[in-house]
Structure formats: structure tokens, C-alpha cells
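Student: One structure, as C-alpha cells, below. Some questions next.
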Amino acid sequence: ALAAAAKVSVDIRGDGGGSTGWDKGWKMCLRDRLLDGDHALSLLMLMFRSYTSTNMMFTDVANRQVDGTFGALMGVAEMLLQSHAGELALLPALPTKWTNGSVSGLCARGGFEVDIQWQSNRLTLATILSKLGNPCRLRSKWPVNVWLGSNIVEAPMVLPGLYEFATHSGSNYTITPA
């Protein structure tokens, strides 16, 4: 209900307004949190068309917009991984146009580093490095198995789409579709 109300507010504000890259970066991140990757991607493309200087920094008419640049980078990262609310969400706002791809080295809250691969807009493989040994709560649109080496890790689904498993500091956990 809260996300639906936020979406109404974001929709009313629209994609226009402001003549800077930073407001587009902010709106892109809001769309990611609403799990609307296609809309976030359209904002990124608008930023590239309208606010990119020759050094790939986002600008307004006269100034470089480091906050627009960082906002856009965060917007891309949050299309692929979100780690708020004590969960790691894999590909939560993946744009449909990004059919196949991979990303590596995304840092997540809780002391995790994540690599993700996907094909046909579906998770094919993820690797989670536990840096601190914290429990991992993993949200996935797809049923998953969790592996430590060649051993399957007990990762019960504690809520719909939410898996939880213990980790050890320095260990790599492989996530595969079930």
C-alpha cells in the first residue's frame, strides 16, 4: 500500500521538471525502488541524450552534475541488486531490454559482495561472498538453490520469494535456479 501511494506521487511529478541530471538520477532511483526497471531505463536514456558531456559526466547547462552521475550509477546498480530492508534482492528492477548480461562486484548491505548473471531476463547464476558471516536473506523472483562448493546449503523459504541461510565469513555461496 505504501509503495502504491509513493508511485502515485512519483507519477504526478513526472519525468520532466528541472533542467539537471541530478533530478533524473533521483527519479531513476525512485523507479528502481518501485521495481519499475523499464521506466528507470527510460530515465537513464534521457540522461544520456540530454545531460551527458564529452567526459561522460552528467551536466546541466553550465555545470558538471556529480550527483547526477552518482545517482545514475546507483540507479543502474539498484536495477540489478537491492539490499535494503535486511534482504538482498536479485534483479529486482531488471529492464526487459537488458535480456542477457552480467555484473560483478556489487557491494550490498550486511557485508556481502554479489556477482549476477542472467539470460532471457532470468537469473542464471549469482555468487555471494560473505565478508562478515552475517545471515543472508535472499529475495528472488525465481526459486533458487544455494551452494557452498559442491554442497547444497539449507536455505528455507521463510516468506514467499524470500530465502534465508547462514553464512561464514570469507565463503562464496553460489545461487542457481531450482
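Student: Could we say that Ala62 is out of contact with any helix residue (DSSP H, G or I) (no Cβ under 9 Å at 6 or more places or on another chain) and modelled with pLDDT of 80 or more here?
Tutor: Taking the combined requirement at face value, the residue does not satisfy it.
Student: Residues Pro160, Pro95: which one is more than 24 Å from Ser42 (Cβ to Cβ) and either free of Cβ contacts under 8 Å to residues at least 60 places away in the same chain or open to solvent by 80 Å² or more (accessible area, probe 1.4 Å) (or both)? Steps first, answer last, please.
Tutor: Numbers: Pro95 fails: more than 24 Å from Ser42 (Cβ to Cβ).
Answer to the selection: Pro160.
Student: Something else: Select from segment 21-49 the residues that are free of Cβ contacts under 8 Å to residues at least 24 places away in the same chain and open to solvent by 50 Å² or more (accessible area, probe 1.4 Å) and write down the one among them that is farthest from Glu78 (Cα to Cα).
Tutor: Going through the qualifying residues, I end up with Arg49.
Student: Return yes when Cys107 is within 30 Å of Leu46 (Cα to Cα) and at pLDDT 95 or above and no when it is not.
Tutor: Details: within 30 Å of Leu46 (Cα to Cα): yes; at pLDDT 95 or above: yes.
In short, yes.
Student: Over 16 Å from the mean Cα position of the chain (by Cα) and closer than 19 Å to Glu87 by Cβ: is that true of Asn134 in this structure?
Tutor: yes
Student: Looking only at segment 124-157, filter to residues that are of a type outside the set (Gly, Ala, Ser) and touching a Gly at 6+ places or on another chain (Cβ under 7 Å); which one of those is surrounded by the fewest Cβ atoms within 10 Å (Cβ to Cβ)?
Tutor: We begin by selecting, within segment 124-157, every residue of a type outside the set (Gly, Ala, Ser); these are 124-125, 127-129, 131-132, 134-139, 141-148, 151-154, 156-157.
Add one more test, that the residue is touching a Gly at 6+ places or on another chain (Cβ under 7 Å), and what stays is 131-132, 134, 137, 139, 141.
On the way: Lys131: 16, Leu132: 11, Asn134: 15, Arg137: 19, Arg139: 19, Lys141: 15.
Ranking the candidates gives Leu132 first.
Student: Turning to a different aspect of this structure: I need the full set of residues from segment 100-123 which are open to solvent by 50 Å² or more (accessible area, probe 1.4 Å) and out of contact with any Phe, Trp or Tyr (no Cβ under 8 Å at 6 or more places or on another chain), in order please.
Tutor: Selection gives Ser104, Cys107, Arg109, Glu113, Asp115, Gln117, Gln119, Ser120.
Student: Just a yes or no: is a residue in segment 6-20 open to solvent by 70 Å² or more (accessible area, probe 1.4 Å), modelled with pLDDT of 85 or more and not basic (Lys, Arg)?
Tutor: Yes: segment 6-20 contains one or more residues that are open to solvent by 70 Å² or more (accessible area, probe 1.4 Å), modelled with pLDDT of 85 or more and not basic (Lys, Arg).
Student: What residue, among those in segment 24-59 that are under 19 Å from the mean Cα position of the chain (by Cα) and of a type in the set (D, E, K, R), is modelled with the lowest pLDDT? Walk me through it before giving the result.
Tutor: Of segment 24-59, the ones under 19 Å from the mean Cα position of the chain (by Cα) are 24-45, 47.
From what is left, the residues that are of a type in the set (D, E, K, R) are 24, 27, 31-33, 36, 38.
Values: Lys24: 83, Lys27: 90, Arg31: 94, Asp32: 96, Arg33: 95, Asp36: 96, Asp38: 97.
This residue is Lys24.
The values are calculated or read from the model by the stated rules, or taken from the named source; none is laboratory data. Bear in mind the structure is a predicted one, so any value in this text is a computation, not a measurement. Methodologically, a virtual Cβ is constructed for each residue, glycine included, from the backbone with ideal geometry; neighbour enumeration extends over all protein chains shown. Ligands, DNA and RNA are stripped out before the accessible areas are found, and what is left, the full protein with its side chains, is counted by its heavy atoms. Shrake-Rupley method; radii C 1.70, N 1.55, O 1.52, S 1.80 Å.
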